[in-house]
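All remarks here apply to the structure that follows.
The values are calculated or read from the model by the stated rules, or taken from the named source; none is laboratory data. These numbers come from a predicted model, not from an experiment. Note that we place each Cβ from the backbone using ideal geometry, even for glycine, and neighbour counts take in every protein chain shown. Surface accessibility is based on the protein's heavy atoms, side chains included, excluding ligands, DNA and RNA. Shrake-Rupley method; radii C 1.70, N 1.55, O 1.52, S 1.80 Å.
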Amino acid sequence: MNYSALREYDIANGPGCRTTLFVSGCRNHCRGCFQPETWDFACGEPYDQKTQQTILDSLEPGYVSGLTLLGGDPFEEENQGPLADLLEAVRERFGRTKDLWAYTGYVFETDLREGGRKHTENTDRMLRCLDVLVDGPFLLERKDITLQFRGSSNQRILDVPGSLAAGAGIWAKGYLTDLRQI
């Protein structure tokens with residue numbers, strides 16, 4: 001797996017001060033994507049144990065709220081194994097004191113659940129670690145710059161533990177402000 005950027009002290013991709021990993025590789029190719037260079041799986045640098053250690057160390061300060069994965073797409077098959085290992089390492093080191101977010105152009109119910117087109121042996125490992133999943137492709141015709149933490153109104157901010165328990169996407173409390181956006 002490659003990654004295109006690693007940002008410490010990011011405040012744009014989830015609540016609070018965060019570490020953000022932009023992975024490489026995405027097959028969605030959403031029209032109007034804000035970083036089409038990350039579609040290429042070879043973009044950026046190889047992700048390795050040193051990168052993982054840098055991420056873990058960056059989460060140490062108490063003022064860092066958590067980790068966000070985006071890209072590219074973290075749920076491309078090639079990315080899931082290394083990211084599942086990373087998420088489990090974060091949980092092992094920090095428990096639930098750091099929140100874990102991921103963005104994906106895929107849809108929780110149809111793509112990421114068992115039988116879905118992006119479900120692999122690592123998908124459930126990733127989902128079990130996540131607190132929040134922003135799902136759905138970016139749709140240029142539904143772009144709305146007033147939305148918090150998402151680019152188009154079709155995208156959802158899901159409570160992952162609640163969604164796993166329900167077997168369907170459950171909005172994270174505090175993020176659904178207008179039912180017309182669904």
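Only residues that are open to solvent by 40 Å² or more (accessible area, probe 1.4 Å) and either among the aliphatic types (A, V, I, L, M) or in contact with a helix residue (DSSP H, G or I) (Cβ under 6 Å, 6 or more places away or on another chain) (or both) were counted in the stretch 120-132, giving 1.
Contact list please: Cβ distance under 8 Å, first residue in the stretch 118-139 and without any contact (Cβ under 8 Å) to a residue 12 or more places away in the chain, second residue assigned to a loop (DSSP other than H, G, I, E, B), pairs at least six apart or on different chains. Within 8 Å, the pairs are HIS119/ARG113; ASP124/GLU114. Taking first residues from the stretch 1-25 that are in contact (Cβ under 8 Å) with a residue 24 or more places away in the chain and of a type in the set (Asp, Glu) and partners that are open to solvent by less than 20 Å² (accessible area, probe 1.4 Å) and outside any strand (DSSP E or B), the Cβ contacts under 7 Å between residues at least 6 apart in sequence or on separate chains come to GLU8/SER58. Say whether the condition of being touching a helix residue (DSSP H, G or I) at 6+ places or on another chain (Cβ under 6 Å) and buried (at least 21 other Cβ atoms within 10 Å of the Cβ) is met by at least one residue in the stretch 85-96. Looking through the stretch 85-96, at least one residue is touching a helix residue (DSSP H, G or I) at 6+ places or on another chain (Cβ under 6 Å) and buried (at least 21 other Cβ atoms within 10 Å of the Cβ).
So which residues in the stretch 108-117 are buried (at least 16 other Cβ atoms within 10 Å of the Cβ) and in contact (Cβ under 8 Å) with a residue 40 or more places away in the chain, if there are any at all?
The first filter runs over the stretch 108-117 and keeps only residues buried (at least 16 other Cβ atoms within 10 Å of the Cβ), leaving 108, 111-113, 116.
PHE108, ARG113 - these are the residues of the stretch 108-117 that are buried (at least 16 other Cβ atoms within 10 Å of the Cβ) and in contact (Cβ under 8 Å) with a residue 40 or more places away in the chain.
LEU87 fulfils the conditions (1) in contact (Cβ under 8 Å) with a residue 60 or more places away in the chain; (2) touching a strand residue (DSSP E or B) at 6+ places or on another chain (Cβ under 7 Å) except for a single criterion, (1).
Could you pull out the residue among GLY81, GLY105, GLY162 that is modelled with pLDDT of 95 or more, open to solvent by 10 Å² or more (accessible area, probe 1.4 Å) and either in a loop (DSSP other than H, G, I, E, B) or among the charged types (D, E, K, R) (or both)? I'd like the intermediate steps shown before the answer.
Numbers: GLY81 fails: either in a loop (DSSP other than H, G, I, E, B) or among the charged types (D, E, K, R) (or both); GLY162 fails: either in a loop (DSSP other than H, G, I, E, B) or among the charged types (D, E, K, R) (or both).
When all the criteria are applied, what remains is GLY105.
Any chance you could count how many residues in the stretch 49-70 are without any contact (Cβ under 8 Å) to a residue 12 or more places away in the chain and part of a helix (DSSP H, G or I)? Count: 4.
Criterion first (closer than 19 Å to VAL23 by Cα, open to solvent by 10 Å² or more (accessible area, probe 1.4 Å) and not small (Gly, Ala, Ser)) does ASP135 satisfy it?
no
Filtered by the rule that a residue be modelled with pLDDT under 85, open to solvent by 40 Å² or more (accessible area, probe 1.4 Å) and either under 19 Å from GLU114 (Cβ atoms) or not aliphatic (A, V, I, L, M) (or both), the stretch 165-182 gives GLY174, TYR175, THR177, ARG180.
One line per residue, one yes/no per condition, for (1) of a type in the set (Gly, Ala, Ser); (2) in contact with an Asp or Glu (Cβ under 9 Å, 6 or more places away or on another chain); (3) not in a helix (DSSP H, G or I):
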{"site": "PHE75", "(1), (2), (3)": "no, yes, yes"}
{"site": "GLU92", "(1), (2), (3)": "no, no, no"}
{"site": "GLU121", "(1), (2), (3)": "no, no, yes"}
{"site": "GLU141", "(1), (2), (3)": "no, no, no"}
{"site": "ARG150", "(1), (2), (3)": "no, yes, yes"}
